[in-house]
1. How far, in nm, would the chain grow between Gln251 and Ser76 when pulled straight, counting 0.36 nm per residue and subtracting the alpha carbon separation?
2. For Asp139, Asp129, what ranking results if the residue with the fewest other Cβ atoms within 10 Å of its Cβ goes first?
3. On a full-extension model of 0.36 nm per residue, what is the gain between Val186 and Asp129, subtracting their alpha-carbon distance, rounded to one decimal in nm?
4. For region 120-139, list residues with backbone N below 14 Å from a point placed 7 Å from the Cα of Thr106 toward its Cβ?
5. In whole Hz and in residue order, list the ³J(HN,Hα) couplings for region 197-209 that follow from phi through the Karplus curve 6.51 cos²θ - 1.76 cosθ + 1.60, θ = phi - 60°; x for Gly and Pro.
6. Calculated FRET efficiency, Gln166 and Val86, Cβ-Cβ r, R0 30 Å, to nearest 0.05?
Amino acid sequence: MPSFSRSSSPSLFSRFFSRGRYGFFGALSLATSMGLLGAAGVACGHSGGTAVSEPADAGLVDRARLPAPVHVNPSSPDAGASCQIVVDSPPLLPGEHVGTTTDIMTWNSNPPSSGQHFPIWAAYQEFSDPVPRGYYVHDLEHGAVVLLHNCANDGGSPDASSPECQIILDGLQKVAAGLADDPLCVAGGQGIRVRVVTTPDPLLTNKVAAAAWGWTYNATCMDVPTLLDFAKAHYGQGTESTCSNGQTSFQMQ
């Protein structure tokens, strides 16, 4: 487990971060007892794009909210003492479909972790060119984890000639490979193993980031152990659970 830097008890925040160790409902109970449980979100329907209300336990979404961002100490000795890692659970926003030409301005985190998104989602794969955010937020709604990096040249694509960039790209591949096969995806017969999208994102303020529905991870370095912990803890927690594959080409804004 990664260690946590907080003024409060570290074990308290580890329970929020790692459902794998304490169980989702343990974290949920803890949040409820502390009055930290967020309100139920809403998901966008796939017919007509209308937001619909859902029960509080729909999709087993991570309802437990952190009271503040948590600073996580890196686990890899290669990360360096200056590496900063922050996990947060921004307020859940209503999931609504908007047109693919919409410049969405309502997101409350970077990277975005819930809220408005396009009716189309990205394929579960690694992309060399940036996937526009409105597409990958839809993947989050489906329970995907999106692995992100801002290791780019001026064109927004990975700079493979950069040693730092190669370390980051290799690390993101290790994180995706470290997730267990998703039975929902395997049963779908589309050749998908897990609901993971890996993409550059030039709008990030850090070199490495990840998002799940309602959760974000931001880091100034590549630290595979903590990022894999995050991905395992928040995988499959969208308001809709589907492994139907998305698109590989997108309308750019």
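1. Using 0.36 nm per residue and subtracting the Cα-Cα distance, I get 59.2 nm.
2. Taking fewest neighbouring Cβ atoms as first place, the list is Asp129, Asp139.
3. So the extension gain works out to 17.9 nm.
4. Residues passing the 14 Å test: 134, 138.
5. 10, 10, 8, x, 9, x, 8, 5, 9, 10, 5, 10, 7
6. 0.80
Laboratory data are not the source of any read-out in this text; all were calculated from the coordinates shown. Remember, predicted model here, so these are calculated numbers, not experimental data. Neighbour counts are summed over all protein chains in view; Cβ atoms, including those assigned to glycine, are modelled from backbone coordinates with ideal geometry.
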